[in-house]
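S.K.: After the structure tokens below, expect a handful of questions from me.
The values are calculated or read from the model by the stated rules, or taken from the named source; none is laboratory data. Note that the structure is predicted; figures quoted are calculated from it, not measured. Note: ideal-geometry Cβ built from the backbone for every residue, glycine included; neighbour counts use all protein chains shown. To get the accessible areas, we keep the full protein, side chains included, count just its heavy atoms, and leave off ligands, DNA and RNA. Shrake-Rupley method; radii C 1.70, N 1.55, O 1.52, S 1.80 Å.
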Number of protein chains: 2
Amino acid sequence: MIQCEDHEECILTAIEMADRICSQKQLKFTDLRKEILRMIWEGHGPQKAYDLLNKLQQTNPSAKPATVYRALDFLIGNGFIHKVASLNAFVGCSHPLKHQECYFLICDDCKNISECCDANITAAIQTTTIENQFVAKNTTLEIFGHCNECLNRSE
Amino acid sequence: MIQCEDHEECILTAIEMADRICSQKQLKFTDLRKEILRMIWEGHGPQKAYDLLNKLQQTNPSAKPATVYRALDFLIGNGFIHKVASLNAFVGCSHPLKHQECYFLICDDCKNISECCDANITAAIQTTTIENQFVAKNTTLEIFGHCNECLNRSE
DNA sequence: TCTGGGATGTTATATTGTAACGTTGTTGGC
DNA sequence: GCCAACAACGTTACAATATAACATCCCAGA
Ligand SMILES: [Zn+2]
Ligand SMILES: [Zn+2]
Ligand SMILES: [Zn+2]
Ligand SMILES: [Zn+2]
């Protein structure tokens with residue numbers, strides 16, 4: 001999900017954005033890919049591949065793991081979703097054109113996940129990679145802890 | 001591995017350090033746990049659980065997945081190794097007392113992995129988490145790309 | 001010596017992800 | 001329109017990663 005007021009609206013926006021980008025880039029935004037993207041956005045947090053498969057099988061009983069994983073590959077490859085490596089789960093990207101690197105805050109309690117793609121972090125990482133004479137291609141930053149809502153609730 | 005001149009020396013140092021810390025903390029550094037830690041350090045990069053199991057079975061044919069995973073849990077829990085989430089692999093920690101959070105540079109070519117636990121990155125992350133009113137407990141930062149050696153070699 | 005709890009053994013199973021190959025469907029050149 | 005090429009998808013099988021549950025062992029401390 002990632003911070004929204006009207007989640008239906010939020011889902012639609014994400015799908016329309018993906019639709020537009022696919023048109024521009026001549027990518028095939030098939031029903032299957034759209035359906036998987038919708039299901040990822042519908043969940044309020046990281047979605048697991050086999051949960052997506054189970055949901056998909058309700059409307060498409062012949063769906064198989066490869067069905068889901070191929071759609072996920074497409075969506076990841078084109079920046080519409082991210083894989084959360086620490087969770088083996090997938091989450092929608094709220095700004096698929098802006099960047100490759102997304103950083104995440106993930107609440108251990110409510111599982112809410114939000115992107116926190118701060119330029120200062122990017123700069124600090126870049127400084128360190130340069131110091132280490134390393135050419136970075138891809139960065140995974142996943143910060144686990146407790147979100148404000150859960151902290152307040154537990155007081 | 002992580003930067004060393006004499007890797008035998010490097011392995012021994014890591015094991016002795018773990019031994020000392022376990023004594024101090026009254027932890028049981030059993031033969032099995034020591035063996036798994038040694039095997040992780042012997043590899044020059046992230047080690048996979050089932051590769052460790054295969055090696056272990058050469059001397060301990062009755063070893064099972066749980067055998068390895070329990071030792072890994074102990075080693076992770078006490079900071080002697082880290083899990084590299086993006087790779088489903090495990091790597092020795094070069095400074096188990098210093099911190100919980102280790103950042104990694106991982107070469108896509110040679111698979112060499114080095115810790116890059118820079119304070120500036122930590123500070124940048126902290127600033128962002130505070131801005132987001134988030135209390136961080138655990139951070140995964142894995143930077144993939146190409147190391148200096150591999151860049152030079154390919155020129 | 002007894003005993004409680006941690007470590008390990010053992011079996012089974014859950015979860016996550018890919019390989020390989022066949023079929024379908026679209027698209028663009030002829 | 002026809003056909004070749006290629007991408008998407010269907011299908012089967014399997015590989016790779018990880019955990020649950022319960023039994024047994026073993027040692028430190030009462
Ligand atoms: Zn994103
Ligand atoms: Zn929360
Ligand atoms: Zn470390
Ligand atoms: Zn390299």
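S.K.: Pairs, please: C-beta under 6 Å, at least 6 apart or cross-chain, first residue without any contact (Cβ under 8 Å) to a residue 40 or more places away in the chain and in segment B:105-119, second away from ligand 1 (no atom under 16 Å from the Cβ) and open to solvent by less than 50 Å² (accessible area, probe 1.4 Å)?
M.R.: These pairs meet every condition: B:D108/B:F144; B:C116/A:T128; B:C116/B:Y103; B:C116/B:L105; B:C117/B:C102; B:C117/B:Y103; B:D118/A:T128.
S.K.: I would also like to ask the following. What about B:S114, is it more than 16 Å from ligand 2 (Cβ to nearest atom), in the same structural domain as B:A49 (by TED's automatic domain parsing) and on the phi < 0 side of the Ramachandran plot?
M.R.: No.
S.K.: Any residue in segment A:30-47 that's within 14 Å of another protein chain (Cβ to nearest Cβ): show its pairings with residues that are part of a helix (DSSP H, G or I) and within 16 Å of ligand 1 (Cβ to nearest atom) at Cβ separation under 9 Å, as long as the two are six or more apart or on different chains.
M.R.: From segment A:30-47, the pairs are A:P46/A:I40.
S.K.: Another one. A:N120: of a type outside the set (D, E, K, R), open to solvent by 50 Å² or more (accessible area, probe 1.4 Å) and not in a helix (DSSP H, G or I), yes or no?
M.R.: Considered against the rule, which asks whether it is of a type outside the set (D, E, K, R), open to solvent by 50 Å² or more (accessible area, probe 1.4 Å) and not in a helix (DSSP H, G or I), A:N120 comes out as no.
S.K.: Among residues belonging to segment B:123-155 that are of a type in the set (A, V, I, L, M) and more than 7 Å from every other protein chain (Cβ to nearest Cβ), point out the one that is most open to solvent (accessible area, probe 1.4 Å).
M.R.: Restricting to residues being of a type in the set (A, V, I, L, M) and more than 7 Å from every other protein chain (Cβ to nearest Cβ), the top hit is B:I130.
S.K.: Suppose we keep only residues that are in a loop (DSSP other than H, G, I, E, B) and more than 13 Å from every other protein chain (Cβ to nearest Cβ) within segment A:75-91. Which one would you say is surrounded by the most Cβ atoms within 10 Å (Cβ to Cβ)?
M.R.: Here the answer is A:F80.
S.K.: Another question, then. Inspect all residues belonging to segment A:56-70 and state whether any of them is within 16 Å of DNA strand D (Cβ to nearest atom), in contact with a strand residue (DSSP E or B) (Cβ under 7 Å, 6 or more places away or on another chain) and over 16 Å from A:M39 (Cα atoms).
M.R.: Among the residues of segment A:56-70, not one is within 16 Å of DNA strand D (Cβ to nearest atom), in contact with a strand residue (DSSP E or B) (Cβ under 7 Å, 6 or more places away or on another chain) and over 16 Å from A:M39 (Cα atoms), which makes the answer no.
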